[in-house]
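Notes to accompany the following structure.
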Amino acid sequence: MSDVPSRLAENLDQLRRRIEAAAAASGRPAGAVTLVAATKYVSAEIARQIAVAGCLDLAESRPQELWSKGAALADLPIRWHLIGHLQRNKIRRTLPLVTLLHSIDSARLLAALNDEACALGRRVDVLLEVNISGEAAKHGFQPAEVERQLSACVELAQVRVRGLMGMARLEGGPAEAERDFASLRALRDRLARNIPAAVSLAELSMGMSGDFEAAVRQGATLVRIGSALTEGIESAADSQ
Ligand SMILES: *Cc1c(COP(=O)(O)O)cnc(C)c1O
């Protein structure tokens, strides 16, 4: 496995440089952007190496996978992010493990999260997912619904909204992706002028391996990167 740590360190270093350059282009320090490593393509052992390499924000898109990696890596101070759809019947096992839920996409889910957080005596930090591209296959609130959801969240004492999450349209090229990110940021900026005090829209989770630089230029504070980080890694591990 001697290959894996050096390959990971190299990939992380390159990604951090690219993030830093894109952040500078938007007049922000590199520290304004958190690299969240999407570990869904790799084993718990590789996820461990990513954390050991210094990237302690890890993300899974499926709750069951987050539970199993969370248990396997419980000895490390990892901040787990859920970046995929959460069914209500998976809330109870997921909540104690996660730092931030990125993909909250319904009022029913918000209410159920609030109930469960009450029962656990804790608060839960969430991002509201917005369907910026308007594609039917995408999860998320319609942009026009977000304002009403933010007002409704004030009633949910255990839920803390920290910002918005979105994805660029699947079919578009880099220019369309950048436009999608710009529109999420514009929505955030518009809503932020008039939001309840209990709500924050400071975080913008947008950008993946193929488009994170555009997202950072447009104001992303969290980028979710999987394949570009673990490129060449599983094969290096397999060949040992
Ligand atoms: C898998 C995933 C990512 C990371 O995708 P890559 O293209 O591999 O970087 C980001 N966001 C979500 C919601 C994902 O499911």
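A few remarks follow.
- Calculated on C-alpha atoms, the gyration radius of segment 90-203 divided by its Kirkwood radius gives an Rg/Rh of 0.99.
- Rg and Dmax, both from the Cα atoms of segment 1-117 and both in Å, are 15.8, 47.
- For segment 1-111, the dipole from Cβ point charges (+1 on Lys and Arg, -1 on Asp and Glu) about the Cα centre works out to 460 debye, to the nearest 20.
- Percent RCO, i.e. relative contact order, over segment 1-114, from Cα pairs under 8 Å lying at least 6 residues apart: 18
- Relative contact order for the chain, counting Cα pairs under 8 Å that sit 6 or more residues apart, in percent: 22
- Its Cα gyration tensor gives segment 27-73 an equivalent ellipsoid. The semi-axes, each the square root of 5 times an eigenvalue, are 23, 12, 8 Å from largest down.
- Simple rule: put +1 on each Lys or Arg Cβ and -1 on each Asp or Glu Cβ in segment 134-235, find the dipole, and look at Ala215, Pro174, Ser151; the Cα lying farthest toward the positive end is Ser151.
- From helices alone, the chain scores -12500 deg cm²/dmol at 222 nm; the rule is -39500 (n - 2.57) for each run of n ≥ 4 DSSP H residues, then divide by the residue total.
- Comparing Leu164, Ala197, Val124 along the charge dipole axis of segment 110-229, the residue lying farthest to the positive side is Ala197, per the Cβ-charge model.
- Each residue, Arg160 and Glu145, gets one label point 7 Å from its Cα in the Cβ direction; the gap between the two is 2.6 nm.
- Reference-scaled alpha-carbon Rg (2.2 N^0.38 Å with N residues) for the chain: 1.00
- Within the chain, the whole DSSP H helices whose Cα atoms reach 30 Å or more along their own axis and whose mean Kyte-Doolittle score is at least -1.0 are 3-25.
- Distance between segment 209-236 and segment 6-23 - C-alpha centres, whole angstrom: 9
- At R0 = 45 Å, FRET efficiency that the Cβ-Cβ distance of Arg92 and Gln14 yields, to 0.05: 0.70
Every number in this text was worked out from the coordinates using simple rules, so none of it is lab data. Remember, predicted model here, so these are calculated numbers, not experimental data. Cβ: placed from backbone, ideal geometry, glycine included. Neighbour counts: every protein chain shown.
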